[in-house]
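All remarks here apply to the structure that follows.
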Amino acid sequence: MTKQKRPAIKTQGLTKYYGQTRGIEDLDLSVEQGEIFGFLGPNGAGKSTTINLLMGFRNPSDGKALVLGKPIGPGAVELRRQIGFMPGELSLYGDMKAHALLDYFADLRGGPAKNGETGSVEDGYIHELAERFRLDLGKKVKNLSKGNKQKVALVAAWMHKPDLLILDEPTSGLDPIVQEEFHDLVHEAKRRGATVFLSSHVLSEAEHLCERVGVVKEGRLIAVERIADLHARGIRHVEVQFATKPWKDMLDRVEGIRNVRVDGKTMRFTVHGSIDKVIKLLARHRIVNLSSEPASLEEFFFDEYGEEVES
Amino acid sequence: MSLGVFTRTIRENRKALFWWGLGLAVYVLINAAFYPDFKDQTSFNELLKSEAVKAFSGNVTSFTSPEGYLNAQIFALVAPILLIIYAVGRGTDAVAGEEGRGTLPLLLANPVRREAVVLQKFAAMTVTTAFLALIHFAVLATFAPSFELHIGLANQVAMGTSLFLLALAFGGVGFLLGAATGNRSLATGVSVTLATGTYLLFNLAPLVDAIEPFQKFSPFYYYFQNDPLTNGLDLWHAAALAGTALVCLGLSVLAFRHRDIQA
């Protein structure tokens, strides 16, 4: 890790209230440059509020936010040259053809790059991205499927090769092939030194993509973790079909196994932490089928942080 | 600075503008075409002896003179109402419309100043409204003589200018309310209420002593009191309307510059 660089995002006591309604409270967050950071939490936890503050769409009630070392706010125009943004509520100009919309934004960014000028859009890069996403730029935006609209928004976020990408729920609704392409884009951005800050309510998505995640619940940041650490502590729902009827206490010796239920030849249980020991133990038996699914984020964090938040 | 927001706003209005222009042109033409049949029916002027009729004819002094006919048929009510509706529609759409449709965050994620967004969208509203006033003027100027409506070109220009500035003033109010609140329904409702209220104020003031002193608070006073078709442009009156629009523009910039947007 390069520690000498200033953080890409740094907030101190960042707070937003809408009248009496809580948006986010006392958020202290630091995202390193070149990092892929996931901002996780259930719907309504304050993720979008935070992103709106980081983009300068809204003003904090208290605290401050530095983005790429500079204070962000409604007037921070130059800063936006270095930021690529994708909103959570995807509303695009429906009557425009996709290429017209992207050209419009490219024009607002200063058009095609002229000798070495940064922050503007390289000639042909929009089409290159569209091709990668198999996106038909000739169609009107309103006639595109939800997934294709998201591709348009992704291209808009990426086309100027920004130093920082702020993405609100970028992959909900993307088809799996495009999701892979999206992951490649994120990693490419990281390789050229860009920072990616993305929000999600799906842990598994962040798992595959992010190096570190912050978790918000009810407007407060309750945890910042490395994904590798989270992995070791994650919960999985496992269902095993045995060739012969299993006995209920056969997994008792394995640490982190809970809620064991046996129904005929099928056994269901949850695994907290590594699944490795379970697999090794099960390997001694004849297994017909095995499925393992990660628990939802809500479930996981209620389990991990539930009591902490209540107190 | 890129003029993208201006160009884009004009472009997305092209079709609507075409149909508005066509509608206005047809309305003006039809009215003009009936003048030769109407001009000899001087008995209509008897109506003007009634205070009630007078109240809703603006300051029309004759229904059968070319000026009186056009004022009564077009400029006292229909043309200003249509252009005000158009301008208020554009004004409230500019910021509040984008905000309501949810497209504002993506627009503002670009390196474009909020001040520039306001200025360019206001300019687009001004240009499209001016275009409609121009169509209106051009159709009348071109075809009026063929229907015995002989009016000096300078006075027609004066009328067209007044019409444009009146619409722009109300468009400016709608723009400001939209930019300040982000709520298009509210902005439209208040603007339309103001337009109808001040229209009534202008027309009823000569009849009702209680409201008579307030007539000058009505934009319609500065639009129509001077009878531009007969007397040409009163520069102070024109300046009052243009000033209203400019004040609205300035306040819109201030209101929108730092406001929390709905995102």
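The values are calculated or read from the model by the stated rules, or taken from the named source; none is laboratory data. These numbers were taken from a predicted model, which means no experiment stands behind them. FYI the Cβ positions are ideal-geometry reconstructions off the backbone, even for glycines, and counts take in every protein chain you see. These area figures cover heavy atoms from the full protein model, side chains too; ligands, DNA and RNA do not enter into them. Shrake-Rupley method; radii C 1.70, N 1.55, O 1.52, S 1.80 Å.
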Task: Dipole of chain A [Lys/Arg +1, Asp/Glu -1 at C-beta], most positive-end residue of A:LEU29, A:LEU167, A:LEU209 - done: A:LEU209
Task: Contour minus Cα-Cα distance for A:GLU188 and A:ASN289 (0.36 nm per residue) - done: 32.6 nm
- [ ] Between B:LEU29 and B:ALA154, take the C-beta separation as r, use R0 = 25 Å, and let me know the FRET efficiency to the nearest 0.05.
- [x] 0.70
Open item on the list: Need one number: nm distance between label points at B:LYS15 and A:GLU131, each 7 Å from Cα along Cα→Cβ, rounded to one decimal.
Closed with: 3.2 nm
Open item on the list: Under 8 Å for C-alpha pairs, at least 6 residues apart: give me the relative contact order for chain A, rounded to a whole percent.
Closed with: 19 percent
Task: Electrostatic dipole magnitude of the stretch A:17-99 [Cβ: Lys, Arg +1; Asp, Glu -1; Cα centre; debye, to 20] - done: 260 debye
Task: In order through the stretch A:140-152: 3J(HN,Hα) via Karplus (6.51 cos²θ - 1.76 cosθ + 1.60), integer Hz, x for Gly, Pro - done: 5, 4, 5, 8, 8, 6, 4, x, 5, 4, 5, 4, 4
Task: Under-5 Å amide H pairs with B:PHE63, H placed in peptide plane, nonlocal only - done: B:ASN45
Task: Of all accessible heavy-atom area on the stretch A:235-294, the percent that carbon and sulfur account for (1.4 Å) - done: 46 percent
Open item on the list: I need to check one value: relative contact order of chain B, counting alpha carbon pairs closer than 8 Å and at least 6 residues apart, in percent.
Closed with: 27 percent
Task: Spin-label model distance (nm) - A:ARG6 vs B:TRP236, 7 Å beyond Cα toward Cβ - done: 5.7 nm
Open item on the list: Taking 8 Å as the Cα distance limit and 6 or more residues as the minimum spacing, I'd like the relative contact order of the stretch B:1-145 as a percentage.
Closed with: 40 percent
- [ ] Whole Å is fine, so just give me how far the alpha carbon centre of the stretch A:24-95 lies from that of the stretch A:135-213.
- [x] 16 Å
- [ ] Evaluate E = 1/(1 + (r/R0)^6) for A:THR270 and A:LYS70, where r is the Cβ-Cβ distance and R0 equals 60 Å; express this FRET efficiency to the nearest 0.05.
- [x] 0.85
- [ ] Work the Kirkwood hydrodynamic radius out for the stretch B:4-257: mean of 1/r over every pair of different alpha-carbon atoms, inverted, in Å.
- [x] 18.9 Å
Task: Cα-centre dipole for the stretch A:9-230 with unit charges at Cβ (Lys and Arg positive, Asp and Glu negative), debye to 20 - done: 540 debye
Task: Linear extension gain, B:SER43 paired with B:ARG101, 0.36 nm per residue minus alpha-carbon span - done: 15.6 nm
TODO: Report the residue, chosen from B:ALA210, B:ALA245, B:ALA87, that carries the largest GNM mean-square fluctuation when chain B is represented by alpha-carbon nodes joined by springs under 10 Å.
DONE: B:ALA210
- [ ] For the stretch B:153-167, just list the computed ³J(HN,Hα) in residue order, Karplus coefficients 6.51, -1.76 and 1.60, θ = phi - 60°, integers in Hz, with x standing in for Gly and Pro.
- [x] 4, 4, 6, 5, 4, 4, 5, x, 5, 4, 4, 4, 5, 4, 4
- [ ] Kindly provide the Kirkwood hydrodynamic radius of the protein assembly as shown in Å, to one decimal, from all pairs of distinct alpha carbon atoms.
- [x] 28.0 Å
Open item on the list: Which of the three applies to chain A, rounded, prolate or oblate, going by the alpha-carbon gyration tensor with a ≥ b ≥ c and a/c under 1.5 meaning rounded?
Closed with: prolate
TODO: Please work out whether the stretch A:1-74 counts as rounded, prolate or oblate from its C-alpha gyration tensor, where a ≥ b ≥ c are the square roots of the eigenvalues and a/c under 1.5 means rounded, while otherwise a/b larger than b/c means prolate and anything else oblate?
DONE: prolate
- [ ] Compute the accessible area per residue over the protein assembly as shown, keeping the other protein chains in place, probe 1.4 Å, unit Å².
- [x] 45 Å²
- [ ] Would you be so kind as to identify which of A:PRO60, A:PRO42, A:LEU135 lies farthest towards the positive end of the dipole of the stretch A:9-230, taking Lys and Arg as +1 and Asp and Glu as -1 on Cβ and the Cα centre as origin?
- [x] A:PRO60
Open item on the list: Give me the mean projected area, in nm² to one decimal, of the convex hull enclosing the Cα positions of the stretch A:235-294.
Closed with: 3.4 nm²
Open item on the list: Could you tell me which residue out of A:HIS285, A:VAL262, A:GLY273 lies farthest along the dipole of the stretch A:235-294 toward its positive end? Charges go on the beta carbon: Lys and Arg +1, Asp and Glu -1, centred on the Cα centre.
Closed with: A:HIS285
